[in-house]
């Protein structure tokens, strides 16, 4: 496949309209149509379903569209890296992590990478959601991510960092805030500030409640733990949150340990297929310092 054909296909896959794609690609519509026929001939598969009214991607086209975004992002990053190095600058490792992972892991990660990869600049994005991180790692916009929960996305590999307990966050004036013990069954009539439906914590919290014989009553939902603490402080419900947040408690919030509460895992994630030399060196450095689980190959997620 020629890179220009991949660029053309990516543009068409985004618009699903030959005229608009041709305009954005600064080419004629007949030339774009011919390029797509050549690409289909090269890969030996039909990529597009065309009618007089619409263009859709075939299953093979959907797969190529996903790969095309990753390929083009890698090419763009490689070109930028070569220019930086040629100009005497440093290579860049892009790290994305959730805001809950930042206080627990970020200082050690940065210290280790700076000590072992002194010629590499770090570009850190510390306030992303786990699903967003997985998507951007898959698309090539992030090199190494730190996410919460299991990683199941096709094409990604992961290794555990550490597990921590989920603690119950209560308004400080709640009757259970100063009880001798708090059990899951004590929460049957409570309203909950729940993680959003796409959060890796949502099924965990619901499974814990189900094990105690009830479905949690939803007051509201949020994917951001800091917002969840504020909602708890405002008296809008109770919440299960990662234990690391208890080190910087929001005013008006009390944390309690609950017997039977599950552990939640933070994991490193990267592209499984042919990780770059820089990513491999970073993972080796983190594994050597005990930050990443030592088995870096057993958790690749295939389709």
Condition broken by residue 110, with the remaining ones in (1) under 30 Å from residue 252 (Cβ atoms); (2) at pLDDT 90 or above; (3) out of contact with any helix residue (DSSP H, G or I) (no Cβ under 6 Å at 6 or more places or on another chain) satisfied: (1)
Looking only at region 6-23, which residues are assigned to a helix (DSSP H, G or I) and over 20 Å from residue 70 (Cβ atoms)? 18, 19, 20, 22, 23
Out of 124, 147, 109, sole residue that is within 26 Å of residue 245 (Cβ to Cβ), free of Cβ contacts under 8 Å to residues at least 60 places away in the same chain, surrounded by 13 or more Cβ atoms within 10 Å (Cβ to Cβ) and in the same structural domain as residue 272 (by TED's automatic domain parsing): 124
For the subset of region 40-56 comprising residues that are touching a strand residue (DSSP E or B) at 6+ places or on another chain (Cβ under 7 Å) and in contact (Cβ under 8 Å) with a residue 40 or more places away in the chain, which member is nearest to residue 29 (Cα to Cα)? 55
Members of region 147-189 found to be in a loop (DSSP other than H, G, I, E, B) and farther than 30 Å from residue 134 by Cβ, listed by number: 172, 173, 174, 179, 180, 181, 182, 183, 188, 189
Can we say residue 55 is assigned by TED's automatic domain parsing to the domain that holds residue 138 and either surrounded by 14 or more Cβ atoms within 10 Å (Cβ to Cβ) or more than 24 Å from the chain's Cα centre (by Cα) (or both)? no
Mind checking which residues of region 123-145 are closer than 18 Å to residue 226 by Cα, within 8 Å of the chain's Cα centre (by Cα) and assigned to a strand (DSSP E or B)? 128
Exactly one of 241, 283, 245 is assigned by TED's automatic domain parsing to the domain that holds residue 223, at pLDDT 90 or above and buried (at least 16 other Cβ atoms within 10 Å of the Cβ), and that one is 241
Of residues in region 146-157 being closer than 17 Å to residue 201 by Cβ and modelled with pLDDT of 85 or more, the one nearest to the chain's Cα centre (by Cα): 147
Within region 13-26, restricting attention to residues that are surrounded by fewer than 16 Cβ atoms within 10 Å (Cβ to Cβ) and more than 16 Å from residue 49 (Cα to Cα), which residue is nearest to the chain's Cα centre (by Cα)? 24
Would you please name the residue that is farthest from residue 16 (Cα to Cα), looking only at residues in region 28-64 that are at pLDDT 90 or above and in a loop (DSSP other than H, G, I, E, B)? 44
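The values are calculated or read from the model by the stated rules, or taken from the named source; none is laboratory data. A quick note: this is a predicted structure, and the numbers were derived from the prediction, not measured. Heads up, the Cβs are rebuilt from the backbone with ideal geometry, glycines too, and the neighbour counts pull from every protein chain shown.
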